[in-house]
Amino acid sequence: MEVRATFHTIPPSQPTNMSGSGHQLENSGQQFLDPSDNLTQLVIAKFRSTLFLHTDPATIVLISLYLPIFLVAFLGNLLVLVVILPNRHMRSITNCFIVNLAIADLLVTVVCVPMAIGQSVYRPWIYGQFMCKITGYMQGVSVAASVFTIMMLSVDRYLAIRHPMTFRTYSNGRHALRLVVGVWLLSFAIMLPLIVVLRVDTIALPGADPLHFCKEAWRTPLSRQLYDSFLFIFMFIMPGCFVTISYSRLGCQLWSVSQQAQLYNRDTKVGKQQANHIMASRRQVARMLVFIAVLFAICWMPYHILSLYLDFVELGPNTDLMAVKVLPFTIWLGHSNSALNPILYCFMNNSFRRYTTRMLHCHRRKRRKPPDSPTWSCATPR
């Protein structure tokens with residue numbers, strides 16, 4: 001699944017094939033090849049040159065696509081934290097989950113994206129055993145936290161609209177913090193098998209430096225297939241169904257005439273204006289959260305499908321390797337979701353856009369203020 005976003009750049013079967021090729025070269029070197037022979041050195045040099053993909057057109061395109069995604073995701077999610085965290089007027093339960101989603105997206109950006117770029121340029125692993133385990137593990141944790149946070153957002157809106165009395169009971173900062181901690185603990189727990197199976201395999205070459213590959217060493221192919229199937233169901237199918245049902249029922253409630261009529265405090269123009277404003281605000285938030293969930297599904301679905309395909313199909317010399325070539329681009333599409341979320345907040349959340357504009361305006365005023373000018377206040381708008 002997405003936990004192998006970096007390591008699937010070379011499909012699970014390919015490191016094994018490479019390992020086999022490496023051991024064959026080593027055995028051939030012992031039996032037939034002289035490491036000092038020019039032909040042997042030429043074969044090894046040719047093999048090693050295939051590991052560098054920086055001149056490959058597909059790799060150049062992939063890196064060109066990754067650079068803007070990295071910049072937008074890093075700066076955008078950082079902006080979300082800077083805007084929401086210092087503003088007490090924006091410290092709602094929904095924004096608490098938005099902050100958590102931004103943190104998860106930042107982890108995807110700083111952990112997954114650089115490793116994906118590095119592996120697309122040079123296939124062998126040069127970062128050591130610890131980084132092999134921790135980067136693969138943290139990739140899975142960060143994406144799982146995004147999935148469960150999106151689920152929590154749907155629960156938050158569902159309770160707020162359909163069960164307001166229950167929502168008031170649990171809508172406090174302490175309860176939201178518990179849910180956020182629970183999201184991360186669950187994410188850490190379901191990815192624990194990766195800590196065990198991820199390891200660096202070494203391939204010895206005759207008369208040359210050994211090569212290292214970070215791969216998952218499952219006891220049997222069935223174990224990997226079962227774990228990936230579990231992740232696909234638990235982190236994609238079930239959350240997708242849950243979010244779809246929640247927002248479907250929520251939409252029926254928000255866009256019904258009877259619900260709007262219940263908000264009228266009295267049959268006056270003022271009462272109707274207040275009710276219309278409340279309904280418009282609720283619809284705007286619900287619309288934004290639906291877009292977040294839909295974008296996540298669209299961005300990660302191709303990788304899920306292709307990843308499962310590679311898990312269950314034996315790759316060989318006669319196998320169509322188009323899936324292998326397309327896989328890095330499906331990984332890029334999944335990573336791009338971390339850049340789309342802050343853009344979505346800016347275009348679909350009036351409060352976030354207003355506070356962001358205010359913050360940037362204040363920053364420009366501070367830079368232009370003369371040293372001897374009187375002090376001024378940049379108060380938070382209400």
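The values are calculated or read from the model by the stated rules, or taken from the named source; none is laboratory data. Treat the numbers as computed from the prediction; the structure is a model and nothing was measured. All Cβ positions, even for glycine, are placed from backbone atoms using ideal geometry, and neighbour counts span all protein chains on display.
List of remarks:
- Of the criteria (1) in a strand (DSSP E or B); (2) buried (at least 17 other Cβ atoms within 10 Å of the Cβ); (3) of a type in the set (A, V, I, L, M, F, W, C), which one L194 fails: (1)
- Across the range 310-328, the qualifying residues are those that are surrounded by fewer than 17 Cβ atoms within 10 Å (Cβ to Cβ) and modelled with pLDDT of 80 or more, and the one among them that is farthest from L65 (Cα to Cα) is F312.
- Flag for A379 being modelled with pLDDT of 80 or more and small (G, A, S): no
- Those residues of the range 63-78 which are surrounded by 14 or more Cβ atoms within 10 Å (Cβ to Cβ) and over 17 Å from the mean Cα position of the chain (by Cα), in sequence order: I63
- Matching residues in the range 73-122 - criterion: being of a type in the set (D, E, K, R) and part of a helix (DSSP H, G or I): R88, D105
Quick grid of which residues meet (1) part of a helix (DSSP H, G or I); (2) touching a residue at least 12 places away in the same chain (Cβ under 8 Å); (3) within 22 Å of S146 (Cβ to Cβ):
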| site | (1), (2), (3) |
| --- | --- |
| W184 | yes, yes, yes |
| S187 | yes, yes, yes |
| D209 | no, no, no |
| R219 | no, no, no |
| L222 | yes, no, no |
| F236 | yes, yes, yes |
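- The residue of the range 119-147 that is surrounded by the fewest Cβ atoms within 10 Å (Cβ to Cβ), among those that are over 30 Å from L295 (Cβ atoms) and hydroxyl-bearing (S, T, Y), is Y122.
- Residue within the range 177-185 that is closer than 29 Å to G128 by Cα and modelled with pLDDT of 90 or more present: yes
- Some residue of the range 84-92 being surrounded by 20 or more Cβ atoms within 10 Å (Cβ to Cβ), aliphatic (A, V, I, L, M) and either under 19 Å from F291 (Cβ atoms) or modelled with pLDDT of 90 or more (or both): yes
- The residues listed here are R178, R174, R157, R168; of these, the one that is assigned to a helix (DSSP H, G or I), touching a residue at least 24 places away in the same chain (Cβ under 8 Å), of a type in the set (K, R) and out of contact with any strand residue (DSSP E or B) (no Cβ under 7 Å at 6 or more places or on another chain) is R157.
- Criterion (of a type outside the set (V, I, T) and either in contact with a Phe, Trp or Tyr (Cβ under 7 Å, 6 or more places away or on another chain) or farther than 20 Å from I134 by Cα (or both)) met by exactly one of R168, R199: R168
- Failed item, numbered, when I203 is tested on (1) surrounded by 12 or more Cβ atoms within 10 Å (Cβ to Cβ); (2) out of contact with any His (no Cβ under 8 Å at 6 or more places or on another chain); (3) not in a helix (DSSP H, G or I): (2)
- Filtered residues of the range 128-168 (kept if hydroxyl-bearing (S, T, Y) and closer than 22 Å to V243 by Cα): S142, S146, T149, S154, Y158, T166
- Of all residues in the range 74-126 being among the aromatic types (F, W, Y) and in contact (Cβ under 8 Å) with a residue 60 or more places away in the chain, the one that is nearest to V200 (Cα to Cα): W125
- Taking the criterion of being exposed (fewer than 13 other Cβ atoms within 10 Å of the Cβ) and charged (D, E, K, R), the only residue of the range 213-239 that qualifies is R219.
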